[in-house]
Each structure stands twice: as structure tokens, then as C-alpha cells.
Amino acid sequence: MARFKIVTTAGPGTGVPGADHSLEMEALAAIGAEIVEVKGGEDELAAAAVDADAIYGKGRPRITAKIINAGKKLKVVSLASVGVDSVDVDAATALGIPVTNCPDTFIEEVADHAMTLILSSWRRLVVQDQLVRKGEWAKARPMLYQFPRLMGMTLGFISFGHVARAVAKRAAPFGFQMLAYDPYIEELVMSDYGVQPVGFDELLQRSDIISMHAPGTKDAHHLMKEPHFKKMKKTALFVNTGRGSTVDEAAMIKALQEGWIAGAGLDVLETEPVGHNNPLLGMDNVILTAHVASASNRFDVARKRRVGAEMALVLGGKWPRACVNPMVLEKSKLQRWQPFSMERGPGN
């Protein structure tokens, strides 16, 4: 009989029932843990969580307060993703249960994707491709005559976490002037990247390209609304590789339709997959990708090993490496073991 029971579901993009958990088990086997897959939704997962030591969240169903409160032995909720909007973190915190994620596993991939959307949106790459395919070669160059060169343009970051910092490193050689708005980050951090800290309104008004990196938290929900798009330059572009929930999508669509902004490059949307009747699909000034910014051939391998290691640490009585509610760690019986400082607070 296994010493620890971990319950999980077969969520979209993470496998099907009977999925191979060998990568997670590299760390978990040594402590006598087993991963048990649960079919169904919230009710089924809550029932399975009653005697579970850990929940391995895979996006769907959402790990709700009902599921967390059902776990009488629950010691940790772990996600193999950066975002934690699929978990009721407040409910876990109230019970002193740490919630872990993978905040640094695919930073470089997302930064590459954000930079790709910035460059391709600025050079109107999709439209240029269409002109060639339609035999309208002669229209391509005149179209670009109306836009300034990229060097000297202003790139504004909404939120300046790890991905935004990696984008700033990539953007600097292109000659961007860079701004950032993030009330949770010290200004000195921005300065080290050649980025000027500014207020939200100033960023909206000055930026030629805005790159959204805010997480899917309550505070950041619909951070960009109609009034914010109206403050942007009519020539500005909006790029989002963060979370779709940070943007009022109807307001963004209106901004694009009515010419408040010039275009957008979007990897995330409020509703995913995108509906067939979404107006964004018919806009040639919008580049869309299918929430793939973090994807590479190391994606599954890296995150599965990481989530297995995080659960093994907590179940083995130690602090996890990354904890989104670190305030629970100091009050827990878990042992702090890390030989390095935690950049954003205890355990994170």
C-alpha cells in the first residue's frame, strides 16, 4: 500500500485517462507515493480528495474550495503551470495548505513568443504574407511606408515579472525605449533592465507597443478595459502572452474595430478555444496563436519533473521551491531547507 495518495485528473493538454506519470514519479517513487487518476468533475474529485495527501491540478476541473475542503489529509496542491487561476488559493491558504506552481520552467519560451508577436505585429507579417499569396506583390512595400521603423519606438510592459524581464533583454538590442508598470516590483529591478518605471496611465499614453504579462489574479481581472484602450495611441499595438482574463475582450474588440488602437498579437483569450464567431478571427490586424507561448520540446518533461519534485518535497516534510501562498510555510511544520534566498518571499 502506498504511503501517500495523490489525486489528479486527465486535463486538456496533460494526457488522457491512463496517462504516463513516470516523469513525476522520478521524485515521488522514493517516498512511496502513488498518483490516482479521477474521472469526472468537481464532485468526483472532491470525493477522491477525502483521503488524499496531495492534489495534482491539471487545469480542469478547477480545484475549488469544495475540493480543497474535502481533503481532510491534504498537504499540498501542485500545478505544472505558471498560472494558478485554476486553484482557489484563498481556500487553500485558509487551511494552511501550500499551493505550488512552476514559475520559472518555461520563461524563455514565453519570452520568445512575446517577442515574435511584437516583431510580427509591427511589420504586419500576416498581411504581408497574404499579399504575396494573393498575387498582390506590388502592394506590400507601399503598405509598410506608413509605419515608422522599430528603432526608437517605446515598448511598455504591464507587469514586470520573469517573462517581461526576459522580453526586455531581447528587446533592448532592437533599440526600444522601454517602460513598465508594476506596483508589486521594486523600481530598481526595472532599472537594471534599462526599463523606466511609470504609472499605468503614462504607460498607456506613451507606448507604441504594449506587452501584457499580468497574472490571472483577482486584482488583475479586466485590468485593460475600454477607458484604458482609449488612452493608447491610435497607432499602438497590444500584445498579450499572459492571461486572457486580464483583458476585457469585448472592449479590446471594440478598440480594434473602431480604430482606437492599430492592432494586436494575442496568444491568450478570455474564452479558449476561441469561438468560431469571435470577431477577432476576421481581423487582418490581429495575429492569433492558440495559447502556445510556453510550448517547446522540453515543456512536458520539465514541468512534470518539477511538479513531481514539489509534491515530493512537501510530502517529505520540506518547503517546496515555489509556493504562491508562502505565508502558510512559516506556520507549518515543514522544514525550510533551501540553501539559496527566495527572490519573492519565503518559498517562492
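The values are calculated or read from the model by the stated rules, or taken from the named source; none is laboratory data. Being a predicted model, the structure only gives us computed values, none of them experimental. FYI the Cβ positions are ideal-geometry reconstructions off the backbone, even for glycines, and counts take in every protein chain you see. Calculation scope for accessible area: heavy atoms of the full protein, side chains included, ligands and nucleic acids excluded. Shrake-Rupley method; radii C 1.70, N 1.55, O 1.52, S 1.80 Å.
I'm trying to understand the selection: among the residues of the range 223-238, which are among the aliphatic types (A, V, I, L, M), in contact with a strand residue (DSSP E or B) (Cβ under 6 Å, 6 or more places away or on another chain) and either without any contact (Cβ under 8 Å) to a residue 40 or more places away in the chain or closer than 23 Å to Ser86 by Cα (or both)? Answer for the range 223-238, where residues must be among the aliphatic types (A, V, I, L, M), in contact with a strand residue (DSSP E or B) (Cβ under 6 Å, 6 or more places away or on another chain) and either without any contact (Cβ under 8 Å) to a residue 40 or more places away in the chain or closer than 23 Å to Ser86 by Cα (or both): just Met224. Scanning the range 171-220 for residues that are touching a residue at least 12 places away in the same chain (Cβ under 8 Å), charged (D, E, K, R) and out of contact with any Pro (no Cβ under 9 Å at 6 or more places or on another chain) gives Asp201, Glu202, Arg206. Being closer than 20 Å to Ala114 by Cα, touching a helix residue (DSSP H, G or I) at 6+ places or on another chain (Cβ under 9 Å) and either open to solvent by less than 60 Å² (accessible area, probe 1.4 Å) or modelled with pLDDT of 95 or more (or both) is not true of Leu144. Go through the range 287-323 and give me each residue that's open to solvent by 60 Å² or more (accessible area, probe 1.4 Å), in a loop (DSSP other than H, G, I, E, B) and out of contact with any His (no Cβ under 9 Å at 6 or more places or on another chain). Scanning the range 287-323 gives Ala290, His291, Asn297, Arg298, Arg321.
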